[in-house]
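Heads up, the thing below is written out as structure tokens.
Throughout, read-outs are computed from the coordinates displayed, never taken from laboratory work. All values reported here derive from a predicted model rather than from experimental measurement. Here Cβ is always computed from backbone atoms with ideal geometry, including for glycine, and neighbour counts include all displayed protein chains.
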Amino acid sequence: MKKFVHVHSGDIMAGNKDTVLESDATKACLVIAAYDSVKKVGGLAHALFLSSGLIKRKNYPVTRDVASAIDEMLEDMILLGAHKDDIEVCLVTAENVNHEENDPQYTSTLNQAVELLKQKNIRIRNETTRDIGNLHACLDVETGNIICK
């Protein structure tokens, strides 16, 4: 039986094949979903999405920038047995990320995440990101599928 784990704003969680990691954000976040298909280990991280201007950290009790979110998620996955060379990542913008088509700040934030992953030699699934609107992103760690609900 699978266990469902809610990953809240600013949180990072990793799990094994009996786990479904579900985003549960109330703030604008970039969801970083990572998966090791060999070891069946997955991770889900929420990075603060700076879509318009600077956000002062003191206004948010838990915030996470893209770099620290990626680092912590990878560390947690490796502790569960994942191997860095087998991990691939999908970037998902979901709940509460308001943006217009061709929004330069939105594009800049996504590009920053992609560049950080490339610097760390982490593969990006299909070299794409997914925008799922007002839905929540879930990672089924057994299959590596991203489910939107």
- Item | Cross-link pairs beyond the 25 Å C-alpha cut-off, checked among Lys120/Lys149; Lys2/Lys149; Lys17/Lys149 | Lys120/Lys149
- Query: So how far apart, in nm, are the two label points at Lys149 and Asp85 if each is 7 Å from Cα heading toward Cβ?
  - Reply: 3.6
- Fewest Cβ neighbours within 10 Å first, please rank Leu44, Leu91 accordingly. Leu91, Leu44
- With each pseudo-label sitting 7 Å past Cα toward Cβ, what's the His6-Gln119 distance in nm, one decimal? 3.4
- Query: Order of Ile124, Ile32 from fewest to most other C-beta atoms within 10 Å?
  - Reply: Ile124, Ile32
